[in-house]
Structures are given as C-alpha cells and as structure tokens.
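**Q** Below is one structure. I have some questions about it.
The values are calculated or read from the model by the stated rules, or taken from the named source; none is laboratory data. Predicted model, so just to flag it, every value in this text is computed and none were measured. Ideal geometry is used to build each Cβ from the backbone, glycine not excepted, and the neighbour counts take in all protein chains shown. Only protein heavy atoms, including side chains, enter the accessible area calculation; ligands, DNA and RNA are left aside. Shrake-Rupley method; radii C 1.70, N 1.55, O 1.52, S 1.80 Å.
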Amino acid sequence: MDKIGIVDFGGQFCHLIARRIRDLGVYAEIITEPSPEFKCIILSGGPGAVSNPESPQLPQDFFKNIDVPVLGICYGHQAIAISLGGKVSRGKEREYGKKKANINTSSPLFDNLDKEEQVWMSHFDQVSELPDGFESTAETDTCKIAGYQNLEMNIFGIQFHPEVVHTLNGTRILDNFLNIVGCKREYNLKDWIDKEINNLQEDIGEKRVIMAVSGGVDSTVAAILLAKANIDAHFIYVDTGLMRLKETEEVSKIFADLGVKNFHTVFAEERFLSRLEGIKDPEKKRKIIGNLFIEIFEEEAIKLGDFNYLGQGTIYPDRIESAQPSHHAAVIKSHHNVGGLPEKMNLKLCEPLADLYKDEVRRIGQMLDLPKRFTGRHPFPGPALAIRILGEVTKERLEALQKADSIVTEIIRKHNLYDQLWQVFPALIPVKTVGVMGDKRTYEWIITIRAVESIDAMTADWSRLPYEVLEEISNKIVNKVQGINRVVYDITSKPPGTIEYE
Ligand code: XMP
C-alpha cells in the first residue's frame, strides 16, 4: 500500500493533513524524518519562524537524499524555499483567516481550481525570493509568493492551509498532489479492521489483556476489536463517582447486550473523591485521576491473574494534544490515558486505535455492527466531570453537575440536535452570584453550557443553538438543580478556547 509521510513541524493542523489524505484513500503517517518507504513527503506547518535557529529545520542535504515529490505547507513551504537558496522574510502584516488567492490554474497542483480561490492563511513570515528554477503559482494581496513549484524536481509549496475547511477547494489541491505522485488509493477502513485483528493476534497472541472501558465510542470499539480477535481480555469499568447520571448502569447494559464476556465494574468513588480533595489545579486533577485509574487497573490485574497488557481506547488526537509524537507541539492538556500514565508501569500498553481519528473510529464501530447509540455518542473525557467542575471537586458540586448534565442531554435530544453537535454539556463554575427566586435572595453557583460543532476536535465552532432551546435548558436547570441560580452560554470557539474547560 502506498504511504505518505507527513513531516511534523509542530503545527496543530499537521494531523488534519493526514486525515484528509486518508479520506482520499491513501495511508498517511506523521513522521519526524523522511524514509524511503514513503511515496512522497508533505512538510507541515508549524508555530515557529524558519529564521529562528531554534525552530525545526530541514536537514541540509534533505533534497539530495530523497527523490520523491514534496509538498510544503505554510512553515514547510518556507523551509523548502530556504533550504534551496530562496529567502523568507517578515511580511508587512500577519495574514490570518480567510483570504482570496490568485491561482495559476495551469499548475497540476491547482488542476480544476478557479483563478480566484478562497484560502485560509495563518502566517507572518513569507517566501520573498524563490530558489533557482522555481516559479510562483499563487498570490494574495499581501503575499506575492503564496504558492510555488519546480516541476522538474516535483516540489510544490503553498503558504495557505489546504487541510482547513476554509480553504474551500483544499481537498482538491491535496487530491491533485496525490495524482501528481501517482498514489494508489488503497487505504480503507474495512481492510484496516482485518489487518488490525491480524496484528492483535500476532502481537498479543495468547497473552492476556486487561482493558479499560468507559462506555464511550473509543474504548467500546477497541474492546470489540479485542473480542473479535479472540484475545484473552478482561474489561474493567471503573465507577469513579465522576461519571454522568446512571452511566454505570448504562455501560453495564451496553456490554451485556453486546455479549462481551469478562466485564467487571469497580466501584471507587470514595477513593477518587478523597484523592481529589482540596486539589484545584487542572493538570494536577488530571494526573491524580490518571494515576489512580492505572493503580486500580494494576490491582484488578493482580486479582484476576497474570496480565501482560493494559488495553486502552486512546485515539490519535489524544496523543497529539498530549504532545506525542511531535517534539515540537506545545503541551496543551495531558489526556488522562496518555499524559497521566505513571513512568513506571507493570503492564505494556495495547492501544488498537492509537492511529485513528474519531470519525474513523465511529465508521469502524458501524462496520462492526455497533448500534448507532454507541457510535453516535459524543466524546466524553477520561477524567469525566472532574474537569467540568472548575477547581475543587466535591460531592455537592458533582451532584449539581450530574443533574444539569442529564437535563442538557435530554432537552438537546428532544429537539433532535444531538447528532448535529460534536459535543454539548454543562460545566460548573463554583463562583456564587446573587439571584432572586420566589421573592427570596439566592447566592449560588453558575452553570455554563458548552455546545460545539467540529469535525475532529482540533478546531471547533461554538454552536448557534436556538434561543428557545437555551431558554428551556436554563429554566429547567435553575428550577431543578439545587445550588445553581444562573446559566450562561459559552460563545468561544477553539482556538482560542479548548472544548473542555480544564
Ligand atoms: P479539548 O478540551 O482539548 O478537547 O479541546 C478535545 C477533545 O478531547 C476530549 N478530551 C478528552 N478525552 N481524555 C479523553 O479521552 C481526556 O483527558 C480528555 N480531555 C479532553 C474533549 O472532550 C474533546 O472532545
């Protein structure tokens, strides 16, 4: 199967390039340096400035050592220019957001595009002088060299981001690049399932796996894969007390309905709450929860016999946001199932979905005949409601948030909005404000409602929920949830916000 290597310069969109390429039927991997196994190389964007010696650079003899087509995007576009003798300088102004670009449509990279295209930019530096043998193929009003090519060397560069939806014909540009390279479109999820089942059988074989399940899509799909591969696995669900209302019963029923054997529930609310007592810092909370999870798994492993592996539903974005495998991306949050792992662990990791994106996992779930109620479930973070209670987690706050959460989900489902949203949930802001109810003064906490639309959680838009729905949610929460007298709506997109609050 043809493979594409995407060199990661640390841009958050690097993985979005991989997803787009996979959707186009070619397997793409994020790499730190090129190797001959790749049919072509894409150089991603990145947060640094190429002129800064501390920023990642292309090795000096990069183009001497590889003989495959190369596409540079944003930072990658600048890095190529510099390494072949061109110049990069600071533009007059930062270009950020949607722009109009004039396109040379005779370039094979821009086949089937219009002379003027909407593109999405995020840069300050720009290529100011082309290397010998290169020609400009695109420009905007503030960036003369927004695209270039050297057809003989099969090198292309674009300053804008084709992987971002706001570059309206971005997918076509990537598709054109795959055509230039002559990639066979052989990557598909059906084959992925067969291969992964084979891999599990080969890698794990007779060894035993203890698998973490939360009832969410990722861990459920990972568990089913293990079951399909006939791996000797035990599935552990930890009731941390930080779950949503009735979650534990629901999860047990889901696994019972699927006929999965060896499903165990561990009740550990008191342990989690006592460890979290007095802890306000989000990263500390995440680490405590992650460590306690692992502790519990290890205890269960000892109780249940000899295990070799710890299974987890980790997916690609979990690793990205915990700054793995990129050396250059900043740590944004340590997701509990990656960043929270203790350094010393007695079990090896088994993460069948670690290279997949959420929508790929959902599609695989459907192919494995999981009901829509599984595959359509909104993502729910590992540390659960603990990171939706800002600051210290207490039983009282948890109970308020659990009730608010069930109200939000019920109303959103009733209005058939659930499937249109990436996520919708309340979070509790334990700051008291004054209110009035039944002629009496109240002094209680705030609930904030977060509803976002997204394709992969890397970027997200706040959802314009109808006012009537927001009103219904607000009224019901204030009336039914003790301790809450104010509901606010979060209108922050990602970036600059994140989806969760902590
Ligand atoms: P943020 O808040 O980083 O979230 O914009 C991106 C996506 O990841 C989910 N999320 C988590 N998932 N463990 C998980 O399994 C975690 O610790 C975690 N933290 C955030 C979040 O719900 C969103 O879909």
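**Q** What is the residue count in segment 198-210 for residues that are open to solvent by 30 Å² or more (accessible area, probe 1.4 Å) and part of a helix (DSSP H, G or I)?
**A** Total meeting the criteria: 5.
**Q** Among residues belonging to segment 385-396 that are crowded, with 20+ Cβ neighbours inside 10 Å and in a helix (DSSP H, G or I), point out the one that is nearest to the ligand (Cβ to nearest atom). Explain how you work it out, then say what you get.
**A** The first filter runs over segment 385-396 and keeps only residues crowded, with 20+ Cβ neighbours inside 10 Å, leaving 385-389, 393.
Pick out the ones that are also in a helix (DSSP H, G or I) and you get 385-387.
Details: Leu385: 12, Ala386: 10, Ile387: 7 Å.
If we take residues in segment 385-396 being crowded, with 20+ Cβ neighbours inside 10 Å and in a helix (DSSP H, G or I), then Ile387 is nearest to the ligand (Cβ to nearest atom).
**Q** Here's another thing I want to ask about it. Within segment 459-488, can you find the residues that are in a strand (DSSP E or B) and open to solvent by less than 60 Å² (accessible area, probe 1.4 Å)?
**A** Across segment 459-488, the qualifying residues are Ala460, Trp462, Ile484, Asn485, Val487, Val488.
**Q** Pull up segment 63-95, narrow it to residues that are part of a loop (DSSP other than H, G, I, E, B) and within 18 Å of Val181 (Cα to Cα), then point me to the one that is most open to solvent (accessible area, probe 1.4 Å).
**A** Once the filter is applied, the top-ranked residue is Asp67.
**Q** Okay, moving on. Assess whether Arg271 counts as being more than 16 Å from the ligand (Cβ to nearest atom), crowded, with 16+ Cβ neighbours inside 10 Å and over 24 Å from Asn230 (Cα atoms).
**A** yes
**Q** Still on this structure: Give the residue, chosen from Gly382, Gly340, Gly313, that is at pLDDT below 75 and within 13 Å of the ligand (Cβ to nearest atom).
**A** Values: Gly382 fails: at pLDDT below 75; Gly313 fails: at pLDDT below 75.
Exactly one of Gly382, Gly340, Gly313 is at pLDDT below 75 and within 13 Å of the ligand (Cβ to nearest atom), namely Gly340.
**Q** Within segment 149-194, track down each residue that is out of contact with any helix residue (DSSP H, G or I) (no Cβ under 8 Å at 6 or more places or on another chain) and assigned to a strand (DSSP E or B).
**A** If the condition is that a residue be out of contact with any helix residue (DSSP H, G or I) (no Cβ under 8 Å at 6 or more places or on another chain) and assigned to a strand (DSSP E or B), then Asn150 is the only one that fits.
Yes/no matrix, rows are residues, columns are (1) basic (Lys, Arg); (2) more than 16 Å from the ligand (Cβ to nearest atom); (3) at positive phi:
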| position | (1), (2), (3) |
| --- | --- |
| Phe156 | no, yes, no |
| Asn169 | no, yes, no |
| Cys183 | no, yes, no |
| Asn199 | no, yes, no |
| Glu202 | no, yes, no |
| Lys207 | yes, yes, no |
| Ile210 | no, yes, no |
| Val217 | no, no, no |
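**Q** Sticking with this one: If you take the residues in segment 453-479 that are within 14 Å of the ligand (Cβ to nearest atom) and acidic (Asp, Glu), which one is farthest from Glu360 (Cα to Cα)?
**A** Only one residue fits best here, namely Asp461.
**Q** Taking interchain pairs and intrachain pairs at least six residues apart, which have beta carbon atoms under 7 angstrom, with the first residue in segment 418-439 and more than 19 Å from Ala404 (Cβ to Cβ) and the second open to solvent by 40 Å² or more (accessible area, probe 1.4 Å) and aromatic (Phe, Trp, Tyr)?
**A** Val434/Tyr443
**Q** When you go through Arg450, Arg441, Arg413 one by one, which is the residue that is within 16 Å of the ligand (Cβ to nearest atom) and among the basic types (Lys, Arg)?
**A** Answer to the selection: Arg450.
**Q** Working only within segment 181-236, note down all residues that are of a type in the set (Asp, Glu) and farther than 24 Å from Pro381 by Cβ.
**A** Within segment 181-236, Glu186, Asp191, Asp194, Glu196, Glu202, Asp203, Glu206, Asp232 qualify.
**Q** Yes or no: segment 222-236 includes at least one residue that is open to solvent by 20 Å² or more (accessible area, probe 1.4 Å), at pLDDT below 95 and within 16 Å of the ligand (Cβ to nearest atom).
**A** no
**Q** Which residue, of Ala400, Ala427, is closer than 25 Å to Leu292 by Cα, at pLDDT 95 or above and in contact with a Ser or Thr (Cβ under 7 Å, 6 or more places away or on another chain)?
**A** Ala427
**Q** Here's a follow-up. Within segment 480-502, which residues are more than 16 Å from the ligand (Cβ to nearest atom) and of a type in the set (Lys, Arg)? Reasoning before the result, please.
**A** Of the residues in segment 480-502, the ones more than 16 Å from the ligand (Cβ to nearest atom) are 480-489.
Scanning segment 480-502 gives Lys480, Arg486.
**Q** In segment 274-301, what count of residues is obtained for those that are surrounded by fewer than 16 Cβ atoms within 10 Å (Cβ to Cβ) and within 16 Å of the ligand (Cβ to nearest atom)?
**A** Selection size over segment 274-301: 4.
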